[in-house]
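Colleague: Below: one structure in structure tokens.
Read-outs throughout are calculated quantities, based only on the coordinates presented, and are distinct from any laboratory measurement. None of the values given here were measured: they were computed from a predicted structure. When we count neighbours, we look across all protein chains shown, and the Cβ atoms used for this are built from the backbone with ideal geometry, even at glycine.
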Amino acid sequence: MGADGAETRLKILHSARDVFSTIGFDRASLRQIAEEAGFTRNAIANYYPSKIELYRAALASVHEVVISEILGPALCQTGSIDRRIVAVFDRAVATIRIDQTFVRFFVTSTADAIHHPDLRDQAMQPLVAVREHFAAALAAAQRDGEVDADIDTEATTQVLVDLLWGLAVDAGFYSDQHRTRRTLEALERIVVALT
């Protein structure tokens, strides 16, 4: 696939995430996504023959961003456990600022997965990856004596996932940059208290 084909795919995926996050899987159509992207429905079908294939590609694009743009850079963070955990929140906010369709689609795709259980595993992959990242970081910190030996790492991991989920909903749908920055500062204080 040439550069034009890759750019076309990116534009289609951006429009798909936008349309799916606005009206959901059931109500969205390839025609609506094509209009949003500035293509014909047939042009979209050349890349994604069905709505489900396009939806799955959009899910894969979110998972890829979580791994490459959020968790990958967060793994490079050095310092205390709270700094390493906050790095995930920082990277998530930076990613949201670049393209909100990722976070909006991620949030709504988890709701779509309730009605479409065949999509659940793929829709939940980003959360699973984040959960595993937090769990591994906390386990290492516990092993190294950086956090109390009696800390419930499973419960703390879930709290961190819940905080990130709340941030995703708020930053994706409700907050402006100023409020998101203030929320992130408050989250940093919570993470320090948890760890």
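Colleague: Order these by the 10 Å Cβ neighbour count, fewest first: 115, 63.
Modeller: 115, 63
Colleague: Go ahead and run the numbers for FRET between residue 132 and residue 22, Cβ-Cβ distance against an R0 of 35 Å, rounding to 0.05.
Modeller: 0.70
Colleague: Among [x] 7, 25, 31, 24, 11, 2, 0; [y] 9, 34, 31, 18, 7, 1; [z] 9, 36, 36, 16, 3, 0, which is the computed P(r) over Cα pairs in 10 Å bins from 0, in percent?
Modeller: Among [x] 7, 25, 31, 24, 11, 2, 0; [y] 9, 34, 31, 18, 7, 1; [z] 9, 36, 36, 16, 3, 0, the one calculated here is [y].
Colleague: Sorted from fewest to most neighbouring beta carbons within 10 Å, what does the list 86, 19 look like?
Modeller: By the 10 Å Cβ count, ascending: 86, 19.
Colleague: Starting with the fewest neighbours, write out 66, 93 ranked by other beta-carbon atoms found within 10 Å of each beta-carbon.
Modeller: 93, 66
Colleague: Provide the FRET efficiency to the nearest 0.05 for the residue 185-residue 150 pair, computing r from the beta carbons and using R0 = 22 Å.
Modeller: 0.15
Colleague: Using just the helices of the chain, give the 222 nm mean residue ellipticity in deg cm²/dmol: DSSP H runs with n ≥ 4 each add -39,500 (n - 2.57), and the total is spread over all residues, rounded to 500.
Modeller: Mean residue ellipticity at 222 nm (helix-derived): -26500 deg cm²/dmol.
Colleague: With contacts defined as alpha carbon pairs under 8 Å and 6 or more residues apart, what's the relative contact order of the stretch 59-194 in percent?
Modeller: 29 percent
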